[in-house]
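The values are calculated or read from the model by the stated rules, or taken from the named source; none is laboratory data. On a predicted model such as this, the values are computed, not experimentally measured, just so you know. In this analysis, Cβ positions are derived from the backbone assuming ideal geometry, glycine residues included, and neighbour counts consider all displayed protein chains. Calculation scope for accessible area: heavy atoms of the full protein, side chains included, ligands and nucleic acids excluded. Shrake-Rupley method; radii C 1.70, N 1.55, O 1.52, S 1.80 Å.
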Amino acid sequence: MTDEPLFGNTKSAADAEETNELYEHYHFVVDKGQTPQRMDLFLTQRLAGISRNKVQMAAKAGCIRVNGKAEKSNYKVKPRDEISILLPTPPHQLELVPQEMPLDIVFEDRDVLVVNKPAGLVVHPGVANFDGTLLNGLLYHLKDDKNSSPYLVHRIDKDTSGLLLVAKNEEAQIQLAKQFFEHTTQRKYIALAWGDMPEDDGTVDANLDRDPRDRRIRAVVEPPQGKRAVTHWHVLKRLGYVTLVECVLETGRTHQIRAHMRHIGHPLFSDAPYGGDNILKGTIFSKYSAFVENCFRLMPRQALHAAVLGFEHPTTHQRLLFESPLPMDMATVIERWTEYADGSSQR
């Protein structure tokens, strides 16, 4: 785990600091002339568009700190108090239409659901993806439950498969957002990377920001630029010119594993935006080239799967852990590389 304070590094003057764009963190110092006032009233006046009820839920979840200590919503704000508050963003930036679609829901109760997302499905609407997203499908799934709505607390890339946690009410969202912000969730990914990893284990601790050459992807930058990102990796199996690895996230930045693996010289197999859709390792023989190209066709997306997800239930406080098997495309490609590596070792 990291030694960062509860809410990490913050900006001043109540400017929102994006964290994965799903929740915002505010940090400010109360003016010298402030008269004592209930914190929930103070914050609703200070922060535009924030309801008193949402502030109270955030305080109940321990997401509001005054001078480093969690305080209740009836705390009387005093001059020079330092206040930090973590708030999830609104669940839907656009008016979403419920759309029926097949969903692989592996767990659901009144507060949360865990869905096994297939590769190719966008999590939420954005540029060029206004409908047909997982959120549209979840809205349809919950259409008859007047007490529930899908609230995102994290996300995975369109072409990454695997487990995604969704809150079903705002109070659960705030509780879960705190866990993701404090890095107390458990997330493991299985990835197939180009090259033979130099060690059996390693850690990439490097800030990430938008790549100036291509704003759609992320690149490692020198501090204080970007945001700190930490990925721990462990070799599961060496397959000659590629390596099967397990990646554990300490932080959750956009494209974190993909950008970090490219940075250390091991882009994910078939990851086109990060250069992994080229033959980066191997021989010059046409038979080998045909083999790799066939693998690209079998899995025309990055070889990355969110395999393990663990968290504390927001209501029962029970620790829950879920695992997802590799999808067919990735399992098939790994099997092909295993056969190729075994065959090469016998030559």
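Of all the numbered requirements in (1) under 23 Å from residue 231 (Cβ atoms); (2) in contact (Cβ under 8 Å) with a residue 40 or more places away in the chain; (3) crowded, with 17+ Cβ neighbours inside 10 Å, residue 321 misses one, and that requirement is (3).
Considering the stretch 217-226 alone, what residues qualify as being touching a residue at least 40 places away in the same chain (Cβ under 8 Å) and either of a type in the set (Phe, Trp, Tyr) or open to solvent by 20 Å² or more (accessible area, probe 1.4 Å) (or both)? It would help to see each step written out before you state the result.
Looking only at the stretch 217-226, we keep the residues that are touching a residue at least 40 places away in the same chain (Cβ under 8 Å), and these are 217-220.
Hits for the stretch 217-226 are 218, 220.
The residue that is nearest to the chain's Cα centre (by Cα), counting only those in the stretch 152-182 that are open to solvent by less than 30 Å² (accessible area, probe 1.4 Å) and within 29 Å of residue 238 (Cβ to Cβ), is 156. Whether any residue in the stretch 285-294 is surrounded by 13 or more Cβ atoms within 10 Å (Cβ to Cβ), polar (S, T, N, Q) and within 30 Å of residue 182 (Cβ to Cβ) is what I want to check. No, that holds for no residue.
Among the residues of the stretch 233-248, is any in contact with a strand residue (DSSP E or B) (Cβ under 9 Å, 6 or more places away or on another chain), closer than 27 Å to residue 166 by Cβ and surrounded by fewer than 22 Cβ atoms within 10 Å (Cβ to Cβ)? Scanning the stretch 233-248, I find at least one residue that is in contact with a strand residue (DSSP E or B) (Cβ under 9 Å, 6 or more places away or on another chain), closer than 27 Å to residue 166 by Cβ and surrounded by fewer than 22 Cβ atoms within 10 Å (Cβ to Cβ), so the answer is yes. Test residue 15 against the criterion of being modelled with pLDDT of 75 or more, open to solvent by 60 Å² or more (accessible area, probe 1.4 Å) and part of a loop (DSSP other than H, G, I, E, B), and give yes or no. Criteria not met by residue 15. Tell me, please, whether a residue that is closer than 19 Å to residue 159 by Cβ, out of contact with any Asp or Glu (no Cβ under 9 Å at 6 or more places or on another chain) and among the basic types (Lys, Arg) can be found in the stretch 281-290. No, that holds for no residue. Going through (1) within 28 Å of residue 317 (Cα to Cα); (2) within 18 Å of the chain's Cα centre (by Cα); (3) of a type outside the set (Lys, Arg); (4) modelled with pLDDT of 95 or more one by one, residue 141 falls short only on (2).
Quick grid of which residues meet (1) modelled with pLDDT of 95 or more; (2) closer than 27 Å to residue 139 by Cα; (3) assigned to a loop (DSSP other than H, G, I, E, B):
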site	(1), (2), (3)
163	yes, yes, no
166	yes, yes, no
173	no, yes, no
177	no, yes, no
180	no, yes, no
184	no, no, yes
193	yes, no, no
196	yes, no, yes
203	yes, no, no
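Residues that are open to solvent by less than 10 Å² (accessible area, probe 1.4 Å) and under 22 Å from the mean Cα position of the chain (by Cα) were ranked within the stretch 186-201; the one that is nearest to residue 323 (Cα to Cα) is 191.
Show me the strands (runs of 3 or more DSSP E) entirely contained within the stretch 29-147 in which 1 or more residues are open to solvent by 10 Å² or more (accessible area, probe 1.4 Å) and of a type in the set (A, V, I, L, M, F, W, C).
Details: elements: 64-66, 82-88, 105-108, 112-117.
Those strands (runs of 3 or more DSSP E) span 105-108.
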